[in-house]
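Visitor: Sending over a structure as structure tokens; questions will come in a sec.
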Amino acid sequence: MPGRASKHDGHMTTARPPGLRTVFANRGYRRLFAAQTISRWGDTVNTVALVVLVFRLTGSGLGVSGAVIAEILPVLLLAPVAGAMIDRLPPTQVMVAADLWRTALAGMLPLADHHLAAVYAIAFELSVGAVFFNPASASVLPSIVNEQELIAANSGLWSAAVVSQIALAPASGALVATWGVAPAFWLNAASFAISAATLAPIRPANPPQAANGSWPGRIREGARLLIADPLLRLLAIVQLLAALSAGATSALLVILAERHLGTGPGGFGLLLGAIGAGAALGPFLLTRLTTSARRPALVCGPYLLRGLVDLVLATTRNLPTAIAALGLYGVGTSIAMVTYTSLLQAHVPAHNRGRVSAGYDMIWQTGWLASLGLGGAADNALGIQAVYILGGVLLLLAGSTGLSGAAAHQKLPPPVREPTGRNTLIRDPPPRFPPQDPSASTSPCTDSRRPRHATVGTVRLCRQRSGVPGPPGPGPTSRAGRRR
């Protein structure tokens, strides 16, 4: 069947460390890569055209900010619902539906390009499609490639997105300047249609099983997942701190270039190019460094590098130094994003990935939006250097918090997962020290030396005696929940 991932198209781990060649041998991954890359092309063209259109209609930066807010609001309003739906329905079908929805909307933009309210509304609805598409994509990838291939697979997707943005942004500007915004919007609509047609035949080898429960219950459970799991809670704190820094420093880079570095648009373009070049290089370095998706230190460590870069930008007035520093910033950004995405995909069970991914999108966009407002206020009150000093401090705090928390997390023994019919029972890890009283009862419920292969009935009986609820009722088993 077209698009099915199997051992014959690269799904099984080979003797060599998996790299881009390994994952591109997988037909399902090739389809996912092609669909997302083509969609990114359309996104880049659409972003340039939308900014130009809104500025022409309003003549102010405030009007352009309105378009940015229209794209962020759907994440804040709908991410919990999107995550619950992705965990309930086949993710590939959610992605195809989101692409078809955006195809229709992008095709309407050329017909409404004289009405600002309609443009804002369509931008909002396009972002609604992305709220459903992006977590579904993150959720389906681990069912197409295995865990050892996640770093390479995410590196390929990230690199394609970065290179597309670097290469197509100038071309998109030329297209809009020559033929206007309508062709750009039509190209975006065509990219979504091609993406949907490319994704439709994908049949994951290990499709994620649907989550049980009512819709409100699944939405509430999504929030509890980020709080109850120590690693997810740590990553949520780190991501929020990083977003509070990155929103302001990214948006105000043009002011730093103009006021602090004393360079014009040409110098600003060089700074952006340095970030893009570093971001494109990072994944290739990462795939040569590790194939393990479970490396929290590689998520948090780059924040220290990025924090130091912000401090350098706040203190230097030398353009070549700033360019070199931002190149390192790009490398750190891409390594952190690829390892962060891979870690979540490896750590979170398949039937929870949609809600967890959507929850993190919501956290990031909330911090980003707050950072934009606070950064503008700080620039007006304290100057652009203060913005980058504060941004650097926040990133250093994010990195140090993440590294210390990751070290504590890695010292804990992993939970024991036992398949129980259609469910997966997760027992607490075995005690690290034997009982202090050698004469204590050695019943299966009290003996810390109880073998790891204890029967499910014994575990259930022990939980009933200790007041701990037993395993949940019948439900689906996920690939991530089975013993590896």
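The values are calculated or read from the model by the stated rules, or taken from the named source; none is laboratory data. Note that the structure is predicted; figures quoted are calculated from it, not measured. Here Cβ is always computed from backbone atoms with ideal geometry, including for glycine, and neighbour counts include all displayed protein chains.
Visitor: Quick one: in region 72-93, of everything that is more than 19 Å from the chain's Cα centre (by Cα) and in a helix (DSSP H, G or I), which residue is surrounded by the fewest Cβ atoms within 10 Å (Cβ to Cβ)?
Guide: The selected residue is 93.
Visitor: Ok, one more. Could you check residue 139 against (1) surrounded by fewer than 24 Cβ atoms within 10 Å (Cβ to Cβ); (2) under 17 Å from the mean Cα position of the chain (by Cα) and say which number it fails?
Guide: Residue 139 satisfies every listed condition except (1).
Visitor: Let me ask something additional. Based on what the data block shows, is residue 271 in contact (Cβ under 8 Å) with a residue 24 or more places away in the chain, surrounded by 19 or more Cβ atoms within 10 Å (Cβ to Cβ) and farther than 21 Å from residue 44 by Cα?
Guide: For residue 271, the condition - in contact (Cβ under 8 Å) with a residue 24 or more places away in the chain, surrounded by 19 or more Cβ atoms within 10 Å (Cβ to Cβ) and farther than 21 Å from residue 44 by Cα - is not met.
Visitor: Anything in region 154-178 that is within 22 Å of the chain's Cα centre (by Cα) and more than 17 Å from residue 38 (Cβ to Cβ)? List them, or say none.
Guide: Correct list: 154, 155.
Visitor: List the number of the failed condition for residue 376; all other conditions in (1) modelled with pLDDT of 90 or more; (2) surrounded by fewer than 24 Cβ atoms within 10 Å (Cβ to Cβ); (3) not hydroxyl-bearing (Ser, Thr, Tyr) hold.
Guide: (1)
Visitor: Another question about this same structure. I need a count of the residues in region 109-165 that are over 17 Å from residue 346 (Cα atoms), among the acidic types (Asp, Glu) and in a helix (DSSP H, G or I).
Guide: 1
Visitor: May I ask you to verify whether residue 88 is more than 28 Å from residue 358 (Cβ to Cβ), among the charged types (D, E, K, R) and at pLDDT below 90?
Guide: No.
Visitor: In addition: Inspect all residues belonging to region 243-253 and state whether any of them is surrounded by fewer than 19 Cβ atoms within 10 Å (Cβ to Cβ) and over 30 Å from residue 140 (Cβ atoms).
Guide: Yes.
Condition check ((1) over 30 Å from residue 259 (Cα atoms); (2) touching a strand residue (DSSP E or B) at 6+ places or on another chain (Cβ under 9 Å); (3) modelled with pLDDT of 90 or more; (4) not charged (D, E, K, R)) across all residues:
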| position | (1), (2), (3), (4) |
| --- | --- |
| 371 | no, no, yes, yes |
| 380 | no, no, no, yes |
| 388 | no, no, yes, yes |
| 401 | yes, no, yes, yes |
| 409 | yes, no, no, yes |
| 414 | yes, no, no, yes |
| 419 | yes, yes, no, yes |
| 432 | yes, no, no, no |
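Visitor: Ok, one more. Could you grab me the full set of residues in region 221-269 that are among the small types (Gly, Ala, Ser), assigned to a helix (DSSP H, G or I), modelled with pLDDT of 85 or more and over 26 Å from the mean Cα position of the chain (by Cα)?
Guide: 257
Visitor: On the basis of being within 27 Å of residue 290 (Cα to Cα) and modelled with pLDDT under 80, does residue 15 make the cut?
Guide: Yes; evaluated as a whole, the condition is true for this residue.
Visitor: Would it be correct to say that residue 166 is farther than 19 Å from residue 269 by Cα and among the β-branched types (Val, Ile, Thr)?
Guide: It is false that residue 166 is farther than 19 Å from residue 269 by Cα and among the β-branched types (Val, Ile, Thr).
Visitor: Is it the case that region 94-101 has a residue that's touching a residue at least 40 places away in the same chain (Cβ under 8 Å), surrounded by 17 or more Cβ atoms within 10 Å (Cβ to Cβ) and of a type in the set (Phe, Trp, Tyr)?
Guide: Looking for residues that are touching a residue at least 40 places away in the same chain (Cβ under 8 Å), surrounded by 17 or more Cβ atoms within 10 Å (Cβ to Cβ) and of a type in the set (Phe, Trp, Tyr), one finds none in region 94-101, hence no.
Visitor: Where residues in region 321-337 are crowded, with 22+ Cβ neighbours inside 10 Å and of a type in the set (Ser, Thr, Tyr), which of them is farthest from residue 249 (Cα to Cα)?
Guide: It comes out as 334.
Visitor: Here's another thing I want to ask about it. If only one of 298, 285, 281, 289 is buried (at least 17 other Cβ atoms within 10 Å of the Cβ) and either farther than 19 Å from residue 242 by Cβ or free of Cβ contacts under 8 Å to residues at least 40 places away in the same chain (or both), which one is it?
Guide: Of the residues listed, the single one that is buried (at least 17 other Cβ atoms within 10 Å of the Cβ) and either farther than 19 Å from residue 242 by Cβ or free of Cβ contacts under 8 Å to residues at least 40 places away in the same chain (or both) is 281.
Visitor: If I filter region 294-335 down to residues being among the polar types (S, T, N, Q) and not in a helix (DSSP H, G or I), which single residue comes out as nearest to residue 398 (Cα to Cα)?
Guide: Within region 294-335, the match that is nearest to residue 398 (Cα to Cα) is 316.
Visitor: Let me ask you something else. All but one of (1) assigned to a helix (DSSP H, G or I); (2) among the hydroxyl-bearing types (Ser, Thr, Tyr); (3) modelled with pLDDT under 90; (4) farther than 30 Å from residue 115 by Cα hold for residue 47, so report the exception by its number.
Guide: Condition not satisfied by residue 47: (4).
Visitor: Additional query: What's the number of the only condition in (1) within 30 Å of residue 382 (Cα to Cα); (2) surrounded by 24 or more Cβ atoms within 10 Å (Cβ to Cβ) that residue 311 fails to meet?
Guide: (2)
Visitor: If you don't mind, there's one more thing I want to ask. Among the listed residues 354, 391, 307, identify the single one that is under 23 Å from the mean Cα position of the chain (by Cα), within 19 Å of residue 272 (Cβ to Cβ) and in contact (Cβ under 8 Å) with a residue 24 or more places away in the chain.
Guide: 391 is the lone residue from the list that is under 23 Å from the mean Cα position of the chain (by Cα), within 19 Å of residue 272 (Cβ to Cβ) and in contact (Cβ under 8 Å) with a residue 24 or more places away in the chain.
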